[in-house]
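Below you'll find the structure, written out as structure tokens, and then a few comments.
The values are calculated or read from the model by the stated rules, or taken from the named source; none is laboratory data. Owing to the predicted nature of the structure, the values given are computational and were not obtained by experimental measurement. Don't worry about glycine lacking a Cβ; one is built from the backbone with ideal geometry, like all the others, and counts go over all protein chains shown. SASA here: full protein model, heavy atoms, side chains in, ligands and nucleic acids out. Shrake-Rupley method; radii C 1.70, N 1.55, O 1.52, S 1.80 Å.
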Amino acid sequence: MAIDLITRRDWNARRPAGAYTPINSTRGVKVHYTGGVVPASIVQDHAVCVRLVQGFQKHHMDGNGWMDFAYSLAACPHRKVFEGRGPHKLTAANGAGLNSQHYSVLALVGSSGFTRPNNGVMHGIRDAIDYLRQHGRAGGEIRGHRDGFSTTCPGQPLYDWIKDGAPRPGGEPAGNSGGQSKPTKPAGKPGAWPGRYLAYKPDALMRGQDVADWQRMLKRKGYTVEVDGVFGKMTRAATIVLQRATGEVPDGIVGPNTWRICS
Ligand SMILES: [Zn+2]
Ligand SMILES: [Zn+2]
């Protein structure tokens, strides 16, 4: 399904009060929430979404004195994506010094009322990320505002989802088209992530069928590992190289996101 983009004209955005700072590419995208009260009725009424986004633009421009709405894009519970600053423009949402590294996507999710992202929000965020990868050279990282900045944003439910690899609801494969990360192959791939984090543990090496599966996956991608079912230093090193190449955090730990990227 293509992105359902609400252009600035469609949501009656004000003109920016200055010039945008152009950017060429980013390491990825950071996800935000509105915090505060988002009425539960938002799910039945898209007009609430429009008013919220307009209100944020007003607050950012008239209250904070910024030149525009801070976010690159915003996703609402109806799987619609509001055009904010858009691709190839510096966001103002991630915190000083952090804006050139990631685009920002605001989810219309609060800290009271509507607090848990529904399927529309989750798909909307993924649609927004795909769009920024296709049109803005966004890299593979998906992070939360709180990564690198002291804030509760984007709230625990959204943050848990991000840590889980921000999967699309219903098992639809995560879109990677146009991004800089390696495309995933839909056919002939190994099974789902085994459910435990695979890592190098020097005191008691992890071993098992899942480790062997992981090594086979790495090998298929051209990395040098022995398929012996023991997570040793070589496997860790290959995992880190893979993570670097795909814009993941290079921690050498195989969670659902790293698994999916290699499968
Ligand atoms: Zn935020
Ligand atoms: Zn909406």
Q | Sequence-distant residues sharing a close amide H with Ile142 (under 5 Å, placed H) | A | Val29
Q | Coordinate range along principal axes, alpha carbons of the chain, Å, largest first | A | 61, 36, 35
**Q.** Å² of accessible area per residue within the chain, as computed with a 1.4 Å probe and no ligands counted
**A.** 46 Å²
Q. What pairs from Lys30/Lys219; Lys163/Lys201; Lys58/Lys163; Lys89/Lys221; Lys80/Lys221; Lys30/Lys221 go past 25 Å between their alpha carbons?
A. Lys30/Lys219; Lys58/Lys163; Lys89/Lys221; Lys80/Lys221; Lys30/Lys221
Q. So what are the three principal axis dimensions of the stretch 185-263 from its Cα atoms, in whole Å, longest to shortest?
A. 36, 24, 23
Q | FRET efficiency for Lys233 and Arg116, using Cβ-Cβ distance with R0 set to 35 Å, rounded to 0.05 | A | 0.30
(Q) Just to check I understand the Karplus step: with θ = phi - 60° and J = 6.51 cos²θ - 1.76 cosθ + 1.60, what whole-Hz values come out for the stretch 123-134, glycine and proline as x? (A) 5, x, 4, 5, 4, 5, 5, 4, 4, 5, 6, 6
Q) How much accessible surface area, in Å² rounded to 10, belongs to the heavy atoms of Arg143 with a 1.4 Å probe? A) 40 Å²
(Q) From the phi angles alone, apply the Karplus equation (6.51, -1.76, 1.60; θ = phi - 60°) to the stretch 10-26 and give each ³J(HN,Hα) in whole Hz, x where the residue is Gly or Pro. (A) 5, 9, 6, 5, 6, 5, x, 8, x, 8, 6, 8, x, 10, 7, 7, 9
Q) How far is it, in nm, from the label point at Asn12 to the one at Gln209 when both lie 7 Å from their Cα along the line to the Cβ? A) 6.0 nm
Q. Given H placed 1.01 Å from N in the peptide plane, which residues other than close sequence neighbours of Thr26 have an amide H under 5 Å from its amide H?
A. Ala138, Gly139
Q. Given Cα pairs under 8 Å that are at least 6 residues apart, what percent is the relative contact order of the chain?
A. 19 percent
Q. Which value, in Å² and to the nearest 10, is the accessible area of Lys58 when all protein chains are kept and the probe is 1.4 Å?
A. 110 Å²
Q) What is the Cα centroid distance between the stretch 107-165 and the stretch 238-263, reported in whole angstrom? A) 19 Å
(Q) Quick check of the Kirkwood formula: for the stretch 1-111, what is the inverse mean of 1/r over all pairs of different Cα atoms, in Å? (A) 14.2 Å
Q: Convert each backbone phi in the stretch 250-263 into a coupling constant with the Karplus relation 6.51 cos²θ - 1.76 cosθ + 1.60 (shift: θ = phi - 60°), then list the ³J(HN,Hα) values in order as whole Hz, x for Gly and Pro.
A: x, 9, x, 9, 9, x, x, 5, 4, 4, 5, 5, 8, 8
Q: Go ahead and set up a Gaussian network model of the chain, Cα springs under 10 Å, then flag whichever of Arg116, Arg196, Arg85 fluctuates most.
A: Arg196
Q. Taking the chain as a Gaussian network, Cα atoms linked when under 10 Å apart, which of Ala128, Ala70, Ala204 shows the biggest mean-square fluctuation?
A. Ala204
Q) For the Cα atoms of the chain, what angle does the longest principal axis make with the long axis of helix 233-245, in degrees from 0 to 90, nearest 10? A) 30 degrees
Q. What's the angle, to the nearest 10 degrees (0 to 90), between helix 46-58's Cα axis and the longest principal axis of the chain?
A. 80 degrees
Q | Residue-count net charge about Arg79 - beta-carbon cut-off 9 Å; Lys, Arg +1, Asp, Glu -1 | A | -1
Q | Degrees between helix 209-220 axis and first principal axis of the chain (Cα, 0 to 90, nearest 10) | A | 80 degrees
(Q) Of the candidates Ala107, Ala238, Ala166, which one comes out as most mobile in a Gaussian network treatment of the chain with C-alpha springs shorter than 10 Å? (A) Ala238
